[in-house]
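Each remark here refers to the structure printed beneath this line.
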Amino acid sequence: MTEARQTVGYTEYHPRWYRSRVSTWWWLTRWPYLKFILREISSVFVASFVVLLLLQIRALSRGPEAYARFQHWLQNPLVLLLNLVTLFFVVFHAITWFKLAPSAMAVRFRGKRVPDLFIVGTNYAAWAVVSLVVAWFLVRP
Amino acid sequence: MPETINLEVLRYSPETDTEPSFQRYDVPLRKDWVVLDALNYIKDKVDGSLTFRWSCRMGICGSCGMMVNGEPKLTCATFLSNYANDAAPVRVQPLRYFPVIRDLVVEVTDFMTKLQSVKPWLIRAEEKPTSESEYLQTPDQLDRYKQFSMCINCLLCYAACPVYGLDPVFIGPAAIALAQRYNMDSRDEGAHERMDVLAQHEGIWGCTFVGECTQVCPKHVDPAGAIQQYKLTATIERFKSFLLPRGAK
């Protein structure tokens, strides 16, 4: 209850307002809410990937044997599953996030607002280019 | 099209009820009838005690916002025929997240207080006398804020915002969009005053960008956009206050 509500002068004339509680499961009631929660949850998986990466760097610093052991551990089906789920969430986050970009970026050019489609398009294009560059570094012989 | 349609309306009488309950009504189904027409039919012909707010019945006054089948809607702009083929009755409930006074009428003082706190009016450092000149504005300058000025305070955006439901101290979509309407007005000089209220946790930073406020807005105001854009402005201003010498701000 906000302070404003507590202090309004005429509450005595509405002695019995009915207030419904927000259900714990409110985010299951509509697809856009669920999509929002999934996007928020994606941060957990992104964090788990960062932890994996840090562990990988630690293994690398401990020499080739430790790194080989770590790579073997990465092949564990559970870790593979975790990485697969993480990939899904990262892609989901990126797609939905860039789609929201136009409402946060009101770019104006010569007095007119740049169309939403252009902003979404350039964001997706930049994402694709960066991903390709990273992929090229990873898979080059 | 069937001849009648079934409505399930939430009723609550503070004198007699401990909690609200649904009441069913059969209403003639006409092609040009909206949910508000059905409610007025019930009040006129079936049950005069049904209480709800309405005024203009043309999407201008913003009084008739209610939940229709769980979605925030202006009942004057929601046609019954859209629900004609549904097996379930059309559920009409008061706007979500607001305390209910009676039946479909909600208490909105909370919003009124918040709206006032963002000073939604033109603020000038020095007011020019009208004899001197008017405040001129180009069409481009008008275009910058016009979208946000379309808000009719119907509160559908609050009923769509889970942040407001879970954390009622959040200042909310419409109040922030209206603050932006004045911040972006070339005649206004009050952006700095509004920032104290807007750049708090209860202000823009409470928003987690669910984005539903924009989806349900009947006037295409885009409050979610207003909030995200202001987040950028507030961040830039904060950095400026750290980095720039006092005189250059």
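The values are calculated or read from the model by the stated rules, or taken from the named source; none is laboratory data. Because the structure is predicted, anything quoted here is derived from the model rather than measured. Cβ atoms come from the backbone with ideal geometry, glycine included; neighbour counts cover every protein chain shown.
The numbered conditions (1) over 19 Å from A:Met105 (Cα atoms); (2) crowded, with 23+ Cβ neighbours inside 10 Å are all true for B:Asp196 except (2).
Among the residues in region A:72-93, are any within 20 Å of the chain's Cα centre (by Cα), within 14 Å of chain B (Cβ to nearest Cβ) and modelled with pLDDT under 95? Yes, region A:72-93 contains a residue that is within 20 Å of the chain's Cα centre (by Cα), within 14 Å of chain B (Cβ to nearest Cβ) and modelled with pLDDT under 95.
Across region B:93-114, the qualifying residues are those that are in contact with a strand residue (DSSP E or B) (Cβ under 7 Å, 6 or more places away or on another chain) and without any contact (Cβ under 8 Å) to a residue 60 or more places away in the chain, and the one among them that is farthest from the other protein chains (Cβ to nearest Cβ) is B:Val106. Only one entry in A:Arg30, A:Arg108 is within 13 Å of chain B (Cβ to nearest Cβ) and closer than 30 Å to B:Leu95 by Cα, namely A:Arg30. Under 28 Å from A:Tyr33 (Cα atoms) and within 14 Å of another protein chain (Cβ to nearest Cβ) - does that describe any residue in region B:80-92? Looking for residues that are under 28 Å from A:Tyr33 (Cα atoms) and within 14 Å of another protein chain (Cβ to nearest Cβ), one finds at least one in region B:80-92, hence yes.
Note on region A:71-97: residues that are crowded, with 17+ Cβ neighbours inside 10 Å and more than 14 Å from A:Lys35 (Cα to Cα) amount to 1. Each residue in region A:106-138 was checked for being outside any helix (DSSP H, G or I) and within 24 Å of the chain's Cα centre (by Cα), and 2 pass. The combined condition, being aliphatic (A, V, I, L, M) and either within 14 Å of another protein chain (Cβ to nearest Cβ) or under 28 Å from A:Tyr33 (Cα atoms) (or both), is not fulfilled by B:Val27.
Of all residues in region B:205-222, those that are more than 7 Å from chain A (Cβ to nearest Cβ) have Cβ atoms under 8 Å from Cβ atoms of residues that are aromatic (Phe, Trp, Tyr) and outside any helix (DSSP H, G or I), 6 or more apart or on another chain, in B:Gly206/B:Phe170; B:Cys207/B:Phe170.
If you go through region B:115-155 and keep only what is exposed (fewer than 11 other Cβ atoms within 10 Å of the Cβ), out of contact with any Phe, Trp or Tyr (no Cβ under 9 Å at 6 or more places or on another chain) and more than 14 Å from every other protein chain (Cβ to nearest Cβ), you end up with B:Ala125, B:Glu126, B:Glu127, B:Pro129, B:Thr130, B:Ser131, B:Glu132, B:Ser133, B:Glu134, B:Leu136.
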